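Here's a structure for you.
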Amino acid sequence: MSDLAQLRARIGALEGLPGFAAGRPAEAMSLGAAAIDDCLPWGGLAAGGLHEIRAEKTDDAGAALGFAAYLLGRLAKARRGRLMWLTLSDHVHAPGLAGLGVPMERLLLVRPARAADLLWAAEECLRCKGVAGLLADIDGADFRSARRLSLAARGSGVPGLLLNRGGLLGAALTRWQVGSAASEAPIGVGAWRWHLALTRCRFMAAGEEDRSLQWLVEAKHAKGGFSLVALSGDRSVSQAGQRRQAG
Amino acid sequence: MPYLATDRLAKPDSGARPDDAWAVAEAGSQRRLVAVNRAAERAGLKPGMSVADALAIRPGLKLAPHEPAEEDALLGRLAEWCSAYTPFAAPDLWREGTGSAGLWLDISGCDHLWGGEAALLDDLTGRLDRLGFIARAAVADTPGAAWAWARFGAGGVVAAGDAREALAPLPVSALRFSPEVTLGLARLGLRRIGDLYPLARGPLAARFGSVVGRRLDQALGAEEEPISPLRPPQSLQVQRRFVTPIGRSEDVAAAVRFLLPRLMQLLERQQLGVRRLDLSVFRVDASSVRLAVGTSRPTRDANALFRLMALQLDKLQAGFGIESLVLAASVAAPLAARQQDMEDGEAAECLSEMLDSLGNRLGFNRIQAFAPAGSHLPERAVRRLSAEAAAATALIPEPWPDQRRPPILLSRPESVAVTAPLPDAPPLLFRWRETLHRVRRAEGPERLEGEWWRDQNPARDYYLVEDEDGGRFWLYRLGLPGEFNPARWFVHGLFA
């Protein structure tokens, strides 16, 4: 282990962050695309933390929700228990979620009447070890609430996906920005394609902290279920960083 | 309760003096008194008198409008309160003959708790009197006999088997006949209940219908007349009565803590678990409230139930004080002792606790699961299952349609302006929510129709279209190609 990695692990352990506590290996869920998993310090999406998913533009609400649903399906594969979906709106369409790989027989949809109730319910879900994964459709959260959610997730090891339309959440381990991309097919509309950008990730290697990783991904039905294929990765920013080191 | 209509208004706490004369009058062109209180009665006022006459006889008479619905609601509340005496309590809204409604209480098997029937009656009338309600009460073998004895007899207890003799001198209207029947009987010279005893039933039935015989049988016990209680009685219930009424929420919480393990013992004996727990709170001012908590699966965990109930106790208003609490498992389901592997059991336990806590704060109807429904129309393609159905066990996976469906379905399809080259082609351009979308790729049409036996709505041709930026939409054209001119297009969903 390099000095840097050791130092990172020590700081992580002091902070009690997922994956660094007492040398225990992180419980992480593969995103289904090795190119993306390799870029994450946990080798996948870490359990016991919050992951923020945002739409690139308001028009991309469908894409962001689609990616979030896809991740929830991945969590379901890796973990036992129920899937919880918390939302204030009533436009979630079950057949569409099933098509994105969400096992609907394990999903419970909770529709509180108020945003404050939703945050409270999200915390209750994150505390519960019987939950495989939580997806909460929120419009921002104040610092305190976000911190509470993060602590609840850390305590139980339940991963929380926050589909966020509001202000950025500092408490999240990762932040994903999703935009829809044109599909490819000889005829008709092809498989779903998204522009995916990892705009925040705790414990990226030093110097990579402010780096933004981008991919063009396609959601595919393949052997062993629904998965992502990273068609291209944009590493231009990271290359710029290397040049700076060299110079 | 002969003076209910006026007692309701002249409650002692409203500052009314007992010797004020009160009357309740019907609204309308010809205003007549409907009910009067004792003071007014002593002054010579009677129901049926016109308001002008009444005011002439007793100047200073206080008048109030007749509100039967309010009275009925009050009776309902009093009946609730009387369920502290017996689970079989119900309001009696039969006003013919006396003009006043009352309460039914089936005290079979309850009187010994109060030291006999007479003591129970004393306690009941005493309490009502302190609340400002004048009540005449009677106990008899049958509800019919008690009704007659309270209103037309001396009141009090009619000993078992004495009803026939006791009722004989009472007027026939004491048998709850309509005025026409009473009048008809009077024309035949039948004024006393005793007059009816020797008569043959056949001719009576021919003249007045079966009602005469039936009421007589009900009064004398030859026919059963059950009192339908407000709520079915609970065998799974425990009660605590307080010598000194309590008011602090800590005391109520302590009492609930005391009662819960006792209820759990009752349930354990029958291998049942609580699905719904009701706490009935009886206050000294003859009002009662009920708090309820539900659970997603049967449980006998007193601590978990207490936590759920505690959320509601904060909202409880003690009023002038609480004199008794009844804790009942109003819905129970079999719960056998189960063995599970530890880890799984813990997760399931915590999941059901979490769902209970969500359900009790947000409402159980706000937790749903989904299953496919056999309809082609997108808005009917999903069955919503209740939390209870979904939470008990994991559902069996059911196949969803193979066709691509959007994860977001607008609750109401939104009309869009469209440029389409041909009636049966997908659009080239469409304007939705102020934005122009240029269609680059399209797939379809997929024709979806409602079930023919359910509606005659036009069919819809759905297209999956992708715009230049990769935004994917579910559009449909209403009707067959060319059915509407210009064609009507809608956005119904957003794809991932």
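Can we say B:V326 is under 19 Å from the mean Cα position of the chain (by Cα), over 24 Å from A:R111 (Cα atoms) and assigned by TED's automatic domain parsing to the domain that holds B:P245?
Yes: the conditions hold for B:V326.
Hand me the list of strands (runs of 3 or more DSSP E) wholly inside segment B:263-379 holding 1 or more residues that are within 14 Å of another protein chain (Cβ to nearest Cβ).
Numbers: elements: B:272-283, B:288-299, B:322-334, B:367-372.
So the answer is B:288-299, B:367-372.
Which number in (1) within 12 Å of chain A (Cβ to nearest Cβ); (2) modelled with pLDDT under 85; (3) assigned to a loop (DSSP other than H, G, I, E, B) marks the one condition that B:R454 misses?
Of everything listed in (1) within 12 Å of chain A (Cβ to nearest Cβ); (2) modelled with pLDDT under 85; (3) assigned to a loop (DSSP other than H, G, I, E, B), B:R454 misses just condition (1).
So, in segment A:122-140, how many residues would count as being touching a helix residue (DSSP H, G or I) at 6+ places or on another chain (Cβ under 8 Å), under 21 Å from A:V92 (Cα atoms) and in a loop (DSSP other than H, G, I, E, B)?
Final tally of qualifying residues: 1.
Could you tell me which residue of segment B:356-383 is surrounded by the most Cβ atoms within 10 Å (Cβ to Cβ), considering only residues that are closer than 21 Å to B:L313 by Cβ and either among the aliphatic types (A, V, I, L, M) or at pLDDT below 85 (or both)? Walk me through how you get there before you give the answer.
Going residue by residue through segment B:356-383, those that are closer than 21 Å to B:L313 by Cβ are B:356-364.
Then keep just the ones that are either among the aliphatic types (A, V, I, L, M) or at pLDDT below 85 (or both); that gives B:358, B:362.
On the way: B:L358: 26, B:L362: 20.
Only one residue fits best here, namely B:L358.
Of all residues in segment B:178-198, how many are in contact with a helix residue (DSSP H, G or I) (Cβ under 9 Å, 6 or more places away or on another chain) and part of a loop (DSSP other than H, G, I, E, B)? Walk me through it before giving the result.
Restricting attention to segment B:178-198, the residues satisfying the condition of being in contact with a helix residue (DSSP H, G or I) (Cβ under 9 Å, 6 or more places away or on another chain) are B:178-182, B:184-186, B:188-197.
Cutting the leftovers down to part of a loop (DSSP other than H, G, I, E, B) gives us B:178, B:188-191, B:197.
The number of residues fulfilling the criteria is 6.
Taking segment B:412-451 as the region of interest, how many residues are within 21 Å of B:G482 (Cβ to Cβ) and in a strand (DSSP E or B)? Before the answer, list the steps.
Initially, segment B:412-451 is screened for residues within 21 Å of B:G482 (Cβ to Cβ), giving B:413, B:415-430, B:439, B:442, B:444-450.
Narrowing further to those that are in a strand (DSSP E or B): B:413, B:415-419, B:429-430, B:439, B:442, B:444-448.
Number of matching residues: 15.
Ok, one more. Considering only helices (runs of 4 or more DSSP H) fully contained in segment B:52-171, which possess at least 2 residues that are among the hydrophobic types (A, V, I, L, M, F, W, C) and either under 15 Å from B:A286 (Cα atoms) or within 25 Å of the chain's Cα centre (by Cα) (or both)? Reasoning before the result, please.
Values: elements: B:68-82, B:117-130, B:143-151, B:163-167.
Here the list reads B:68-82, B:117-130.
In addition: Please go through segment B:411-435 and give me each residue that is surrounded by fewer than 19 Cβ atoms within 10 Å (Cβ to Cβ) and within 12 Å of chain A (Cβ to nearest Cβ), ordered by number.
Those that are surrounded by fewer than 19 Cβ atoms within 10 Å (Cβ to Cβ) and within 12 Å of chain A (Cβ to nearest Cβ): B:S411, B:R412, B:E414, B:R433, B:E434, B:T435.
Would you be able to say whether some residue in segment B:485-492 is at pLDDT 90 or above, under 45 Å from the mean Cα position of the chain (by Cα), away from chain A (no Cβ under 11 Å) and more than 18 Å from B:A381 (Cα to Cα)?
Yes: segment B:485-492 contains one or more residues that are at pLDDT 90 or above, under 45 Å from the mean Cα position of the chain (by Cα), away from chain A (no Cβ under 11 Å) and more than 18 Å from B:A381 (Cα to Cα).
The values are calculated or read from the model by the stated rules, or taken from the named source; none is laboratory data. The structure presented is a predicted model; accordingly, all values stated were derived computationally and were not measured. Quick reminder, even Gly has a Cβ in these numbers, built from the backbone with ideal geometry, and neighbours come from all protein chains shown.
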